[in-house]
């Protein structure tokens, strides 16, 4: 038991030292390769801790090798933009001037629901308010709001604020989203009627959401040039 305790303490301190030397501070800072290296190091260390028949060097040497390779790749990435693109990838624009970039989202396997979650985490509830949403190489989403929606807020400007209205997903890739209908007390026929009033067909809608004030945001699919529409309707 004492041997297990000492091996665990030693390898824990050793792995901590290696991770500190990589210069990373939190998981969100890690590129995909850095995260993979961290997981492999953890596995090597845990194997040596659990099995006393495995010499410590059998974990220390591979961990050092991984650290050296990571440092080499980091140096190459600093010196060569092509190498950085190869190792880390490049940022991808998910929203451009309020329009979801359907082709890029499919290529990066980033769903509309994932994107809406990311926007809400940044206190943005309307896609139409976004000038740029960029998927960074570490998996986070950076958002730049349109100038009209950037601070200062209405209270600071002395303008009477309207009601806060949460938006709900009504249509995704031509399919009605029942949860949104139920929340807004709508039915399928009402949605289809709203679309027909504006000359739109359900099958051509890539994305549509409505807030509690009856503001409808519609984006057509890429075969229709991803055109967007914004209407005020009565719910």
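The values are calculated or read from the model by the stated rules, or taken from the named source; none is laboratory data. Computed from a predicted structure; not experimentally measured. Virtual Cβ from ideal backbone geometry, glycine too; neighbours counted across all protein chains shown.
Some values worked out for this structure:
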{"item": "Residues satisfying the stated conditions in the stretch 22-48, i.e. modelled with pLDDT under 80 and either assigned by TED's automatic domain parsing to the domain that holds residue 137 or assigned to a helix (DSSP H, G or I) (or both)", "result": "27, 28, 29, 32, 33, 34, 35"}
{"item": "Qualifying residue in the stretch 201-210 (condition: under 19 Å from residue 125 (Cα atoms), outside the structural domain of residue 94 (by TED's automatic domain parsing), within 30 Å of the chain's Cα centre (by Cα) and without any contact (Cβ under 8 Å) to a residue 40 or more places away in the chain)", "result": "yes"}
{"item": "From the options 108, 3, 47, residue that is touching a residue at least 12 places away in the same chain (Cβ under 8 Å), touching a strand residue (DSSP E or B) at 6+ places or on another chain (Cβ under 8 Å) and either more than 30 Å from residue 168 (Cα to Cα) or surrounded by 11 or more Cβ atoms within 10 Å (Cβ to Cβ) (or both)", "result": "108"}
{"item": "Total residues in the stretch 156-171, condition modelled with pLDDT of 80 or more and either farther than 17 Å from residue 217 by Cα or in contact with a helix residue (DSSP H, G or I) (Cβ under 6 Å, 6 or more places away or on another chain) (or both)", "result": "3"}
{"item": "Positions within the stretch 6-21 being within 30 Å of residue 84 (Cα to Cα), modelled with pLDDT of 85 or more and exposed (fewer than 15 other Cβ atoms within 10 Å of the Cβ), in sequence order", "result": "17"}
{"item": "Tally, over the stretch 92-130, of residues that are in a loop (DSSP other than H, G, I, E, B) and closer than 19 Å to residue 150 by Cα", "result": "7"}
{"item": "Failed item in (1) at pLDDT below 85; (2) closer than 19 Å to residue 12 by Cβ; (3) surrounded by fewer than 13 Cβ atoms within 10 Å (Cβ to Cβ), with residue 57 passing the rest", "result": "(1)"}
{"item": "Residue that is surrounded by the most Cβ atoms within 10 Å (Cβ to Cβ) [pool: residues in the stretch 221-235 that are touching a helix residue (DSSP H, G or I) at 6+ places or on another chain (Cβ under 9 Å) and closer than 22 Å to residue 120 by Cα]", "result": "228"}
{"item": "Selected residue [outside any helix (DSSP H, G or I) and outside the structural domain of residue 139 (by TED's automatic domain parsing)] from 53, 12", "result": "53"}
{"item": "Failed item, numbered, when residue 62 is tested on (1) part of a helix (DSSP H, G or I); (2) surrounded by 12 or more Cβ atoms within 10 Å (Cβ to Cβ); (3) under 31 Å from the mean Cα position of the chain (by Cα)", "result": "(3)"}
{"item": "Residue within the stretch 195-214 that is surrounded by fewer than 17 Cβ atoms within 10 Å (Cβ to Cβ) and assigned to a strand (DSSP E or B) present", "result": "no"}
{"item": "Test for residue 147: is it farther than 30 Å from residue 36 by Cα, surrounded by fewer than 11 Cβ atoms within 10 Å (Cβ to Cβ), in contact with a strand residue (DSSP E or B) (Cβ under 9 Å, 6 or more places away or on another chain) and at pLDDT below 90", "result": "yes"}
